Amino acid sequence: MRWLLAALCLSFAALTQANATPTLEGQAVDKVLVLKSERKLHLMGKGSVLKSYKVSLGKQPQGAKQREGDRRTPEGFYWIDWRKTSDKYNLALHISYPNIRDQSNAHKAGVTAGGMIMIHGTPIDEEYPEWYFTSLDWTEGCIAMTNADMQEIWSLVKDGTLIEIRP
């Protein structure tokens with residue numbers, strides 16, 4: 001009898017986990033697409049845009065990131081590989097920059113590619129309200145959005161999700 005009960009519990013747990021994947025309009029997010037020229041981040045599902053968000057970029061938004069400290073947002077294909085809460089920027093999803101191409105280009109140029117590129121919220125700052133940060137490109141190369149939007153993205157985008165960043 002315990003055997004049967006254990007089997008039923010394991011089956012129920014597996015079914016519960018299978019349905020735990022967050023969805024938007026009934027579809028799971030399978031890609032994040034950032035269009036730097038439009039300052040937009042799109043959540044994609046099976047090739048369709050499910051939802052779009054306004055974003056801020058690095059202080060030097062034109063061109064792909066070439067080296068550490070250039071204040072540019074990377075361009076290319078990466079993964080959302082881990083996440084963290086941040087005292088400074090609310091929630092943050094790490095982007096797997098640099099990829100092999102980025103590392104090779106930096107090596108050829110004799111510079112360090114850099115790292116710690118993230119999608120994150122805006123600072124909680126008494127001196128500057130949140131709307132101030134959404135009206136300009138202000139990061140060191142990260143992709144920033146309002147804290148409310150970041151909370152939504154956090155709940156919809158799983159670690160391991162592909163992110164493409166286009167010019």
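Tabulated data for the structure shown
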item	result
Cα gyration tensor category, rounded, prolate or oblate, for the chain with a/c compared to 1.5	prolate
Net charge dipole size for the chain [Lys, Arg +1 and Asp, Glu -1 on Cβ; Debye, nearest 20]	560
Using alpha-carbon coordinates, inclination of helix 100-109 to the longest axis of the chain, degrees	20
Top of 97, 89, 132 by mean-square fluctuation, Gaussian network on the chain, Cα under 10 Å	132
Among 129, 90, 69 the positive-end extreme of the charge dipole of the stretch 28-129 (Cβ point charges)	69
Cβ-derived FRET efficiency at R0 22 Å, residue 81 paired with residue 105, nearest 0.05	0.60
Per-pair calculated FRET efficiency, R0 = 25 Å: residue 60 and residue 125 via Cβ, rounded to 0.05	0.65
Antiparallel %, DSSP beta bridges [both residues in the chain], to 5	75
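Readers should treat all values here as calculations from the given coordinates under stated rules, not as data from a laboratory. All values derive from a computational prediction rather than experimental measurement. Cβ sites come from the backbone with ideal geometry, for glycine too, and all protein chains shown count toward neighbours.
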